1. If you take the beta carbon distance between Arg85 and Asp105 as r and set R0 to 22 Å, what does 1/(1 + (r/R0)^6) give as a FRET efficiency, to the nearest 0.05?
2. Can you tell which of Pro51, Gln137, Leu162 lies farthest toward the positive end of the dipole of the chain, using +1 and -1 charges on the Cβ of basic and acidic side chains (Lys, Arg; Asp, Glu)?
3. About its Cα centre, how strong a charge dipole does the chain have in debye, to the nearest 20, once Lys and Arg get +1 and Asp and Glu get -1 at the Cβ?
4. Once the other residues with Cβ under 9 Å from the Cβ of Leu48 are scored (Lys, Arg +1; Asp, Glu -1), what is the net sum?
5. If eta is 1.002 mPa s and T is 20 °C, what Stokes-Einstein diffusion coefficient results for the stretch 90-212, Kirkwood Rh from Cα pairs, in µm²/s?
6. Based on DSSP H runs of at least 4 residues, each adding -39500 (n - 2.57), what is the mean residue ellipticity at 222 nm of the chain after dividing by all its residues, to the nearest 500 deg cm²/dmol?
7. May I ask you to give the solvent-accessible area per residue for the stretch 119-182, in square angstrom, as obtained with a 1.4 angstrom probe?
8. With labels modelled as points extended 7 Å from the Cα through the Cβ direction, what inter-label distance (nm, one decimal) is found for Gln41 paired with Ser192?
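The values are calculated or read from the model by the stated rules, or taken from the named source; none is laboratory data. The model shown is predicted, which means the values in this text are computed figures rather than measured ones. Neighbour counts run over all protein chains shown; Cβ positions are idealised from the backbone, glycine included. Remember, those area values only see protein heavy atoms, side chains included, never the ligands or the DNA or RNA. Shrake-Rupley method; radii C 1.70, N 1.55, O 1.52, S 1.80 Å.
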Amino acid sequence: PKAIISITEKDMVVVDEEEVTTEYTLIAGLTPPKRVFVQHQRREGYELSAPPESEHADSSVLAPVALSRGARATLRLREKTEALRTLSLEHGSVAEIQSYLEVADIPDAQSKKLSRLLALRSAIALGREALEARRVQRFDDRVRAYEIRSNLKALARDQGSLRQSLKRELGESEKRGRRLASDLAVASETLSTQTIELQKLLLELKFKAVKK
């Protein structure tokens, strides 16, 4: 990640920087020349950093390497390129978007809004998982309560101890169900509030980098 170019219409255009290093190793003989030239093929679309006195051509470069008798010499050539990408602020990876925010030079107000947006997305994702877990638990409790009621109907009246045990379990299940229903209502309301705030931020976030 190198920079954020713009934020508009719920999308963020970013710049990625890629660097490739090519290493050449030479081992000089007993009577080597003072230097040799290594031919390196340029990567298309990359900017090459070559040593002084290199000889450049359209598709390659001849880079000088100094040699010493019987010694090993190393030449490292670095090539860089930049590429534009578009990330969805609504659906893209929170961690990936965060990595650009950490290196971006954007106004403080917009930076705070973007940070808040990412925090909301993480909270909403966790909230949805918790909400689904509660729904599953409530469904399981309802199934168990139905089974208990069916068993109570089938039991003979002289099986008092078992009936009492089942009634206690049914009471606990119903109590847990009421608590889960309350929790579900609160969680749903929280998710709704967070989602509204998220959508508002998505519409508010605007940024365009100034060309330097």
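1. Result of the calculation: an efficiency of 0.80.
2. Comparing the listed Cα positions along the dipole, Leu162 ranks first.
3. My answer is approximately 1080 debye.
4. After counting each charged neighbour, the total is +2.
5. Reported coefficient: 117 µm²/s.
6. Taken over the chain, the calculation gives -17000 deg cm²/dmol.
7. Solvent-accessible surface per residue comes out at 72 Å².
8. Going by the 7 Å Cα→Cβ label model, 6.3 nm.
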